[in-house]
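All of the numbers you see were taken from the coordinates with simple rules; none came from a lab. None of the values given here were measured: they were computed from a predicted structure. Cβ coordinates were reconstructed from backbone atoms using ideal geometry, including for glycine residues, and neighbour counts include every protein chain displayed.
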Amino acid sequence: MAGGYQAATAATPADHASAEQLVSITRQATTGLPVVRLDATKLAAIEPKGKHHRTLPAKYVVKSGDTLASIAQHLYASSNYWPVLYWANHGQIKYANEITAGQALTVPAKPAKIPGAPKALAPAPAPAPSTASTASYGGSYSSASTAAAAPAQTQAPSSYSGSTGSFQACVIAAESGGNSQVMNSSGHYGLYQFSSSTWAAYGGNPASFGNASVSEQNQVFANAMAAGGQSNWAPYDGC
């Protein structure tokens, strides 16, 4: 060839066995000096295979004890990349802190920028059930634990505070201290400490004795007041 320079070629690495030309050497027509040209596009297409390069799997199966952060550390060499896994698998992961052994997670390529974390990492705790209610005549109630309490599904609110200074409030304070479900050792029950016979005599349902609602206890008290006045309690309670 003119000038003594022959075009040289360089093949891609052996695992890409290709005869595509990456380097060409030509001679300048005016000066006779060699000109080396690289095909940048073909050079960039060569996949790096250095010792620090690793190919990511398409899927990762969650193992017991795994977290998104620990999986990100394993796959991307940084636990900070866990949002990448979360957003790529949002269809099967509702909360980032709740993944299950056996789940097959899609593994996307490591992005240049870490996406933002989700607002909620775990479900919010359920609110505690309210134990306050209002009495039919203005009192308020709150739950209290007693040894003789009725089952939870049928038990009425168990403490009461009535209007200050009333005879009714005085009786409640003296008899039960406001605990609507207290049963004493002699078998007297509730806010007003009725015996079972007195309860039934003044219209109380025998089946509800021991687990009656506050409203039912108030009604039986009202019946007793209508029938016998304050004499049922005043001599004993000092009201």
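Worth pointing out:
- Spin-label model distance (nm) - residue 103 vs residue 230, 7 Å beyond Cα toward Cβ: 6.8
- Net length available on complete extension from residue 174 to residue 223 is 15.7 nm, with 0.36 nm assigned per residue and the Cα-Cα distance removed.
- As a calculated quantity, the FRET efficiency between residue 184 and residue 124 at R0 = 41 Å, using C-beta atoms, amounts to about 0.45.
- Label positions at residue 79 and residue 207, each projected 7 Å from the Cα along the C-beta direction, are separated by 6.0 nm.
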